[in-house]
Amino acid sequence: MLDEIFAQFAHDPNFDKPADALSCDNDDDGSTLDHGRIADALTARQFITAGKATVTLKSLKSGARFTYRITAAKDENGDRSGDGTLFVGLLSGPNNDGDYKYLGRISRDVFWRGRKNPRPGDISADAPSMKAFDWTWRKLVQGTLPDQVEIWHEGRCGRCGRKLTVPESIRSGFGPECIQHIG
Ligand SMILES: [Zn+2]
C-alpha cells in the first residue's frame, strides 16, 4: 500500500521541489544543510512530537519524498498546550522556512487529516502527501519504522528549530540543550 502511495507522489501537484533541491541549498551562513537519518520508530516519534520538527519521508522504492513541519500548539502564554496537540504542514514551495501548507493535526497520537472547517485550496484528505504522513505516523505509533520508508531530519533541532552544528547533534536530531528534555 505504501508503494502505491509513494508512486503517486510524483503526480501530486503539491509535491513540487522537495528535499533533493533543498539538500543542495546553501543555508543563510553559506554552509550546507546537514541532514540526518532517523534510525528507529521511537526516535522518530520523539523527533516528530518535539515541538518544532522538520522531517522528510522518503520512499526507498520510488525515491519520492515529502517534507513536513510539525509544530506544537501553544496556549495563550506561549507554552505548549496541555493536550499536546501538534500541527502538521507540508512543504509546498521552494522556501524551507515559510512555504508550508496545512495538512492536519496530531492529537493524542491520532493524526487528523485536514482542518475542522475545510477551506478552498486545502490539501485534500486523499492526497498522496496526506496518506503518506498518515500511514507512516500510524506505523510509528505502533512502534514500527517501515522498511519501505526513510525518515530524515533537515539539520535543525526538532525541539527548537535551531541549526544543528556538531556531528553528535546531527546524529540525534537535537541540540545539546534540547536533548536533555527529550525522552
Ligand atoms: Zn533545540
Select from region 66-130 those trypsin sites (Lys or Arg not before Pro) which occupy a DSSP coil region and have at most 16 other Cβ atoms within 10 Å, ordered by residue number.
-> R108, R115, K116
Mind checking the full-extension length gain between N77 and D126? Use 0.36 nm per residue of separation minus the Cα-Cα distance, one decimal, nm.
-> 14.1 nm
Rounded to one decimal in nm, the spacing of the 7 Å Cα→Cβ label points at K101 and I182 is 2.9 nm
For R162, list long-range residues whose amide hydrogen, built 1.01 Å from N in the peptide plane, is under 5 Å from its own amide hydrogen.
-> C157
Neighbour-count order for R156, R65, fewest beta carbons within 10 angstrom listed first | R65, R156
Convert each backbone phi in region 104-121 into a coupling constant with the Karplus relation 6.51 cos²θ - 1.76 cosθ + 1.60 (shift: θ = phi - 60°), then list the ³J(HN,Hα) values in order as whole Hz, x for Gly and Pro.
-> x, 9, 10, 9, 6, 6, 9, 8, 10, 6, x, 8, 4, 10, x, 10, x, x
Counting only residues 5 or more places away or on other chains, whose amide H sits under 5 Å from the amide H of I182 once H atoms are built in the peptide plane?
-> none
Nonlocal amide H pairs with A64, under 5 Å, H built at 1.01 Å = S59
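Each reported figure results from applying straightforward, stated rules to the coordinates on display, with no laboratory input. This structure is a prediction, so every number in the text was calculated from the model and none was measured. Neighbour counts are summed over all protein chains in view; Cβ atoms, including those assigned to glycine, are modelled from backbone coordinates with ideal geometry.
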